[in-house]
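First the structure, in the form of structure tokens, and then the observations on it.
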Amino acid sequence: MPPSKIHYRVAIIGSGPAGWTAALYASRADLEPILIQGPQPGGQLTITTEVENYPGFPDGIQGPEMMEIFQAQAERVGTEVLLDMVTGVDVEARPFRLTLDSGANLTADAVIIAAGASAKALGIPSERQPGVSACATCDGPLPVFRGKELVVIGGGDTAMEEATFLTKFASKVTIVHRREEFRASRIMLDRARANAKIHWKLNAVVEEIHGDGAGVTGVTLRDTQGGGLSKMPAGGIFVAIGHLPNTAIFRGKLEMNEVGYLKVRHPSTRTSVEGVFAAGDVGDPTYRQAVSAAGEGCKAAIDAERWLAARGIHG
């Protein structure tokens, strides 16, 4: 289905917690927004099983189910939802011009970017199975990982932080890193080294992850120096080799850091271009949580509403 109109007051790019919350608030402000879902409707939560750390769900909830609830709420108050992907945005035009993968075009007075980020993958087929996670704070407390020997892959601050966090639940945590040198800051590395539950497997990469269909049972490691293979038992794998924000179409158009996270004018959600706002993981390399993304979606919608009102464009 093509967009129902050519022009919108607010266009929201992305359909994770930030996007749906922005849509909810913009709709309730009578801004009649359109939300373009993107290549992965629902965002990273659609590949997350149990969500236990989002307020309001005391028994937990499946990630895809949560996003269905968010979508239903946004649609109930009037959000137009488009299953399409934004391939280009002209941020110099007024109104802004959006090009979609379907070939359709639309304009918007304000744009909220909530396209999220994607965890970097190992690039091996066996990583797509139960028991492999890219978020220790999301999944570490789950019963399936408690009391198990867990593996964290990576050598940066995220890997050190996740390994340290997982020691609260695991019997043992092994950090697997391809080199002996680390990108992690000294304080984070020292903290991990001081933790008796953390063990180290250096100059090694994961060749294959083994599982029984219900969870992970072990890994095969390849020595990066000699090339030899070895096996190690594991009850869970946490991939912590970084995230990439989904901001490629804005490179050279909006200010971002060297990785690609959009620079936001805190405490607002304004980007370097007036009328373009960012919410969630596209501008958050630190927290990357569903609840913080939803909060920023709320802020972005309020910022957009006030920005439009100041220019005489009301809901």
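Any read-out appearing in this document is the output of simple, stated calculations on the displayed coordinates, not a laboratory observation. Everything quoted here is computed from the prediction, not taken from an experiment. Counting neighbours? That spans all protein chains shown, and the Cβs are built from the backbone with ideal geometry, glycine included.
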Q) If we count every other residue with Cβ under 14 angstrom of Gly252's Cβ, Lys/Arg +1 and Asp/Glu -1, where does the sum land? A) -1
Q) For the residues Val176, Val91, what sequence is obtained by ranking on other C-beta atoms within 10 Å, fewest first? A) Val91, Val176
Q: Name the residues whose placed amide hydrogens come within less than 5 Å of the amide hydrogen of Phe238, ignoring near sequence neighbours (fewer than 5 apart) on the same chain.
A: Ser133, Val151, Val152, Ile153
Q.
Within a 10 angstrom radius of the beta carbon, how do Ile241, Ile6 rank from fewest other beta carbons to most?
A. Ile6, Ile241
(Q) What distance in nm lies between label points placed 7 Å from Cα along the C-beta direction at Val144 and Thr217? (A) 1.6 nm
Q.
Output needed: Cys residues of the chain lacking any neighbouring Cys C-beta below 4.7 Å, sorted by number.
A. Cys298
Q. Once a ≥ b ≥ c are taken as the square roots of the eigenvalues of the Cα gyration tensor of the chain, is the result rounded (a/c under 1.5), prolate (a/b larger than b/c) or oblate (a/b not larger than b/c)?
A. prolate
Q) Listed here are the pairs Lys201/Lys299; Lys5/Lys299; Lys168/Lys253; Lys201/Lys253; Lys5/Lys120; Lys197/Lys263; which of them are more than 32 Å apart at the Cα? A) Lys201/Lys299; Lys168/Lys253; Lys201/Lys253; Lys5/Lys120; Lys197/Lys263
Q.
Just to be sure I understand the rule: take each whole DSSP H helix in the chain, project its Cα atoms onto its long axis, keep it if the span is 18 Å or more and its mean Kyte-Doolittle hydropathy is at least -1.0. Which ones pass?
A. 63-76, 290-310
Q. Which value in deg cm²/dmol, rounded to the nearest 500, describes the helix-derived mean residue ellipticity at 222 nm for the chain, given -39,500 (n - 2.57) per DSSP H run of n ≥ 4 and division by the residue count?
A. -6500 deg cm²/dmol
Q | 12 Å reach of a label modelled at Ala104, 7 Å along Cα-to-Cβ, counting backbone N of segment 12-52 | A | 34-38
(Q) What is the sum of charges, Lys and Arg at +1 and Asp and Glu at -1, for the other residues whose Cβ falls under 15 Å from the Cβ of Phe277? (A) 0
(Q) Only counting other Cβ atoms within 10 Å, I'd like Tyr25, Tyr54 sorted with the fewest neighbours first. (A) Tyr54, Tyr25
**Q.** Selection of GluC sites (Glu not before Pro), segment 24-129, meeting DSSP coil and at most 13 other Cβ within 10 Å
**A.** Glu92
**Q.** segment 121-239 shape via C-alpha gyration tensor axes, a/c threshold 1.5
**A.** oblate
Q: For segment 1-46 and segment 203-218, write down the distance between their C-alpha centroids in whole Å.
A: 38 Å
Q | Loop-located chymotrypsin sites (Phe, Trp or Tyr not before Pro) in segment 230-315, at most 16 other Cβ atoms within 10 Å (DSSP) | A | Tyr287
(Q) I need the shape label for segment 6-138. Rule: rounded when a/c is under 1.5, else prolate if a/b > b/c, else oblate, with a, b, c from the alpha carbon gyration tensor. (A) oblate
**Q.** Given charges at beta-carbon only (K, R positive; D, E negative), |dipole| of the chain in Debye
**A.** 720 debye
